[in-house]
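Trainee: The structure under discussion is supplied below as structure tokens; questions concerning it will follow.
Taken together, the values in this text are just the output of simple stated rules run on the coordinates, not laboratory data. Computed from a predicted model, the values in this text were never measured in an experiment. For neighbour counting, all protein chains shown are included, and Cβ atoms are generated from backbone atoms with ideal geometry for every residue, glycine included.
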Amino acid sequence: MTFSARNPRHVGVFPVVPTTFTASGELDLPSQLRCVDFMIDAGSNGLCILANFSEQFVLSDAERETLTSAILAHVAGRVPVIVTTTHFSSRICAERSRRAQDQGAAMVMVMPPYHGATLRVSEAQIHAFYRTVSHAIDIPIMVQDAPISGTPMSAEFLARMAQEIAQVSYFKIETAGAASKLRELIRLGGDAVEGPWDGEEAITLLPDLDAGATGAMTGGAYPDGIRLIVDAYRAGRREEAVALYTQWLPLINFENRQCGLLACKALMQEGGVIACEAPRHPLPAMHPDTRAGLIETARRLDPLVLRWGR
């Protein structure tokens with residue numbers, strides 16, 4: 001079967017799974033698996049693990065392997081799972097991606113090579129990097145176009161990679177002006193751009209859907225709310241989607257602008273999904289007043305996360 005923009009393999013809401021730790025900073029696998037079960041019960045079309053919102057940057061290689069194998073085995077095909085395999089080394093990223101595929105990943109998500117504030121490579125080397133990863137696997141690659149990498153990639157360059165590299169077919173656009181970039185990427189890339197996706201906890205979800213986004217990678221705490229918006233939009237009920245987006249936007253905004261990656265676990269602990277919301281040191285805990293504002297904002301919407309574990 002040929003997959004293209006007209007026949008994509010994956011659409012809808014694929015939230016990022018947070019990594020759960022004990023208060024002392026060890027992996028908490030029982031909470032991790034409960035978290036995954038909640039996110040599936042809340043309507044996620046798929047999941048993404050080991051992303052930046054999963055605190056992937058504080059995990060050892062052994063912990064990455066433990067989480068990947070445990071989560072994929074526990075999901076057991078209920079929904080497709082995207083595994084983030086980002087690494088500066090082309091070889092290591094390709095090896096990570098192959099292992100993820102062999103364990104059952106539906107897709108890998110990869111940022112361009114970067115290290116620290118200044119170490120970058122040219123477009124030619126980025127192209128070769130993704131080509132190396134593509135040669136190692138048979139599942140799609142999602143290019144994560146995120147400011148955190150400090151690597152500008154134009155819509156023209158992304159479209160060219162989609163047309164020239166076999167598995168490069170999905171794009172998570174997190175840059176400023178995401179809707180305009182998505183629109184240009186779709187225009188230039190045509191059917192080679194199988195999956196143009198929204199990112200950043202849905203803060204630009206509606207304009208990105210208007211620009212042609214077919215997927216959304218959001219925070220993991222309230223996929224039930226995001227699904228309402230995306231499902232209405234995809235069914236052609238745009239005014240309903242606008243009304244729902246307006247309803248959920250205060251919570252989306254609070255997560256994106258006040259809490260960041262800590263919001264998801266705070267809401268999950270509040271609702272009994274996980275045992276501990278603590279990030280791994282040296283990330284600081286959320287300020288109690290910020291947390292209280294998050295919970296208050298969420299309670300007005302009654303998301304499943306506040307009821308699932310009670």
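Trainee: What are the residues in region 93-119 that are in contact (Cβ under 8 Å) with a residue 40 or more places away in the chain, more than 17 Å from residue 145 (Cα to Cα) and touching a Ser or Thr at 6+ places or on another chain (Cβ under 7 Å), if any?
Mentor: 94, 97
Trainee: Right, here's the next one. From the list 73, 128, 166, which residue is surrounded by fewer than 18 Cβ atoms within 10 Å (Cβ to Cβ), aliphatic (A, V, I, L, M) and not in a helix (DSSP H, G or I)?
Mentor: None of the others qualify; the one that does is 166.
Trainee: Here is a further query. If you take the residues of region 261-289 that are over 19 Å from residue 25 (Cβ atoms) and within 19 Å of the chain's Cα centre (by Cα), which of them is surrounded by the most Cβ atoms within 10 Å (Cβ to Cβ)?
Mentor: 263
Trainee: Still on this model: Quick check, is residue 174 charged (D, E, K, R), at negative phi and surrounded by 19 or more Cβ atoms within 10 Å (Cβ to Cβ)?
Mentor: yes
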